[in-house]
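To start, the structure under review is shown below, and the notes come after it.
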Amino acid sequence: MRCNDGGPANLGLFSDSDLQQPARIEALGPQSRVLRGFALPWIEALLPQLDAVLAAAPFRHMITPGGFTMSVGLSSCGQLGWTTDSNGYRYSPIDPQSQQPWPAMPEVFRQLAEMAADAADFKGFNPDSCLINCYQPGAKMSLHQDKNERDYSAPIVSLSLGLPAIFLFGGQQRGDKSQRVPLLHGDVVVWGGVDRLRYHGVLPLKDGSHSLLGRQRINLTFRHAG
Ligand code: MD6
Ligand code: FE
């Protein structure tokens, strides 16, 4: 839908490129979509809630079962949070750092995730976990599958904020060729169904400064984990 059809003239508040809204949904696979700019109208409501979550559960660098410190800082909100340590990867209702439950998932997070899933044809998504990743310049995420969730029938909804990144979207096997997908502030990726277990990762973050978030990229992934 275009927002200027038959409406008032452009009073100079928007550039022409804001007013033209071409198909902003891109297919990465049969059941995976990039929703370009989907979250932009939500940002003002999201950021204060994100700050509150991070005040209660700050980013920390977790250790993989193989003994490596992750370059990405992690936190979570919702009933379950994703953690890793020498015993493995898992979801836990308790933040191992505070020994308290993870902060509740803000309602605006849940609503955004549900609407994005709906826009990608996954109806009734009800996330119980939001993993929050913080990338500083140079941080990366190696190719992996998301498979610690109890069942794979729910999609994953992933929101990018701040600096741009190159997302790698591979196949069902680690060695399959991957697509390189630039993700910008406000973009949302939704995937599930036959694409749910595809390998994916993020290339080392290029340095830069974002007008709202500064020298970082924050990624929120919503899951139904329990
Ligand atoms: C990231 N995302 O974009 C890392 N996983 O920073 C993920 O690992 C991811 O974006 C599952 C589904 C969507 C994702
Ligand atoms: Fe992932």
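The values are calculated or read from the model by the stated rules, or taken from the named source; none is laboratory data. Keep in mind that this is a model prediction, so the values were computed, not measured. Using ideal geometry, Cβ is built from the backbone for each residue, glycine included, and neighbour counts are taken over all protein chains shown. The area values use the complete protein model at the heavy-atom level, side chains included, leaving out ligands, DNA and RNA. Shrake-Rupley method; radii C 1.70, N 1.55, O 1.52, S 1.80 Å.
Overview of results
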{"item": "Per-q log10 I(q)/I(0), the chain, q = 0.10, 0.11 Å⁻¹ (Debye; single scatterer per alpha-carbon; no solvent)", "result": "-0.45, -0.54"}
{"item": "Cα centroid separation - the stretch 158-225 against the stretch 34-104, whole Å", "result": "15"}
{"item": "For the stretch 67-79, Karplus couplings with θ = phi - 60° (6.51, -1.76, 1.60), whole Hz, Gly/Pro x", "result": "x, 8, 7, 5, 6, 8, x, 10, 8, 8, 9, x, 5"}
{"item": "Relative contact order %, the chain, counting alpha carbon pairs below 8 Å whose residues are six or more apart", "result": "23"}
{"item": "Heavy-atom surface of the stretch 118-226, accessible at 1.4 Å and reported per residue (Å²)", "result": "43"}
{"item": "Cα-only Debye scattering, the stretch 85-135: base-10 log of I(q)/I(0) at q = 0.30 Å⁻¹", "result": "-1.17"}
{"item": "Rounded to 10°, Cα long-axis angle of helix 107-119 versus longest principal axis of the chain", "result": "70"}
{"item": "Most mobile listed residue (Leu47, Leu161, Leu112) in the chain, GNM with C-alpha springs under 10 Å", "result": "Leu47"}
{"item": "The stretch 125-226: translational diffusion in µm²/s, Stokes-Einstein, Kirkwood Rh over Cα pairs, 10 °C, 1.306 mPa s", "result": "113"}
{"item": "Among Leu80, Leu35, Leu54, residue whose mean-square fluctuation peaks in a GNM of the chain (springs only between Cα atoms under 10 Å)", "result": "Leu54"}
{"item": "Alpha carbon Rg of the stretch 174-220, scaled by the compact-globule rule 2.2 N^0.38 Å", "result": "1.40"}
{"item": "For His144, solvent-accessible area (1.4 Å; no DNA, RNA or ligand), Å²", "result": "50"}
{"item": "Relative packing of peptides 212-223, 84-95, 193-204 - highest average C-beta neighbours within 10 Å first", "result": "212-223, 193-204, 84-95"}
{"item": "Apportionment of accessible area to carbon and sulfur, the stretch 76-161, percent (1.4 Å)", "result": "48"}
{"item": "15 Å beta-carbon shell around Gly208, net charge (K/R +1, D/E -1)", "result": "+2"}
{"item": "Charge tally in the Cβ shell below 13 Å around Glu149, where Lys, Arg are +1 and Asp, Glu are -1, Glu149 excluded", "result": "+2"}
{"item": "Per-selection Rg to Rh, the stretch 72-174 - Cα, Kirkwood hydrodynamic radius", "result": "0.95"}
